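A.B. asks: Quick one: structure below, then a few questions.
The values are calculated or read from the model by the stated rules, or taken from the named source; none is laboratory data. Every value quoted in this text rests on a predicted model; they were computed, and no experiment measured them. Methodologically, a virtual Cβ is constructed for each residue, glycine included, from the backbone with ideal geometry; neighbour enumeration extends over all protein chains shown. Accessible surface is based on the protein model in full, side chains and every heavy atom, while ligands, DNA and RNA are left aside. Shrake-Rupley method; radii C 1.70, N 1.55, O 1.52, S 1.80 Å.
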Amino acid sequence: MNRKTAWIALMLMAAVAATVSSAAVSLSGIDPVTGESRTLELDQRLTHVVFFATWCPPCLAELAALRDLEARWAPDGYRLVLVAIDLRETGDRIARFISDERPPGLVLFDAGGGLQNRFRVEAVPGHILLGPGGAELFRASSLDEGVGTAVEEHIGSR
């Protein structure tokens, strides 16, 4: 391979790496209230992504504890994002859920299941803590599996 070919190959690899890394630093879904696409940048905050369904009793049972977690850690940079999976859900159903239940955090509808596939979530609830830039720091299938402790470890004790 000559120098010019090697340089072109290197530039192409850099472009692909930049595309992959930029895709990995955001969360995209549908705002169920407006129906518009929404993208959240994974900045310097700890982002707690919770995959849930409005028809899932264990998911609904965690809402009060999630509200408490958000109230305690939001001032320190904690962000809660509830992702409604695309199984027996509609944007209208999730919008009604938001109006009736007033869940904590930001709610996104994962229409098409792209986020669920990206994070390899097979059951709800599913909890993933993402650090700055989207690095996965912790994963659990319920709050009882140490999510609060992991948040505290990554943010620091107050």
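A.B. asks: Does Gly91 satisfy being under 21 Å from Asp144 (Cβ atoms) and touching a residue at least 12 places away in the same chain (Cβ under 8 Å)?
C.D. replies: Considered against the rule, which asks whether it is under 21 Å from Asp144 (Cβ atoms) and touching a residue at least 12 places away in the same chain (Cβ under 8 Å), Gly91 comes out as no.
A.B. asks: Still on this structure, please answer the following. Could you grab me the full set of residues in the stretch 144-155 that are surrounded by fewer than 18 Cβ atoms within 10 Å (Cβ to Cβ) and either small (Gly, Ala, Ser) or closer than 20 Å to Phe52 by Cβ (or both)?
C.D. replies: Asp144, Glu145, Gly146, Gly148
A.B. asks: May I pose another question? Yes or no: Leu40 in a loop (DSSP other than H, G, I, E, B), at pLDDT below 95 and surrounded by 12 or more Cβ atoms within 10 Å (Cβ to Cβ)?
C.D. replies: no
A.B. asks: Regarding the stretch 82-95, can at least one residue be identified that is more than 22 Å from Glu152 (Cα to Cα), exposed (fewer than 14 other Cβ atoms within 10 Å of the Cβ) and not hydrophobic (A, V, I, L, M, F, W, C)?
C.D. replies: The answer is yes; a qualifying residue exists.
A.B. asks: Do you know which residues across the stretch 43-53 are crowded, with 21+ Cβ neighbours inside 10 Å and of a type outside the set (A, V, I, L, M)?
C.D. replies: Matches in the stretch 43-53: Thr47, His48, Phe51, Phe52.
A.B. asks: Take the residues in the stretch 106-128 that are assigned to a loop (DSSP other than H, G, I, E, B) and open to solvent by 30 Å² or more (accessible area, probe 1.4 Å), then tell me which one is nearest to Thr39 (Cα to Cα).
C.D. replies: Ala111
A.B. asks: Scan (1) outside any helix (DSSP H, G or I); (2) touching a residue at least 40 places away in the same chain (Cβ under 8 Å); (3) surrounded by 16 or more Cβ atoms within 10 Å (Cβ to Cβ); (4) not β-branched (Val, Ile, Thr) for the single condition Arg79 breaks and write down its number.
C.D. replies: For Arg79, the exception is condition (2).
A.B. asks: Restricted to the stretch 110-158, and to residues that are at pLDDT 90 or above and among the polar types (S, T, N, Q), which residue is nearest to the chain's Cα centre (by Cα)?
C.D. replies: Step by step, filter the stretch 110-158, then rank; the result is Gln116.
A.B. asks: Can you say whether Leu137 is in a strand (DSSP E or B) and among the aliphatic types (A, V, I, L, M), as far as the supplied structure shows?
C.D. replies: So Leu137 passes the test.
A.B. asks: Of the residues that make up the stretch 60-71, is at least one open to solvent by 40 Å² or more (accessible area, probe 1.4 Å), touching a Leu at 6+ places or on another chain (Cβ under 7 Å) and free of Cβ contacts under 8 Å to residues at least 40 places away in the same chain?
C.D. replies: Within the stretch 60-71, one or more residues are open to solvent by 40 Å² or more (accessible area, probe 1.4 Å), touching a Leu at 6+ places or on another chain (Cβ under 7 Å) and free of Cβ contacts under 8 Å to residues at least 40 places away in the same chain.
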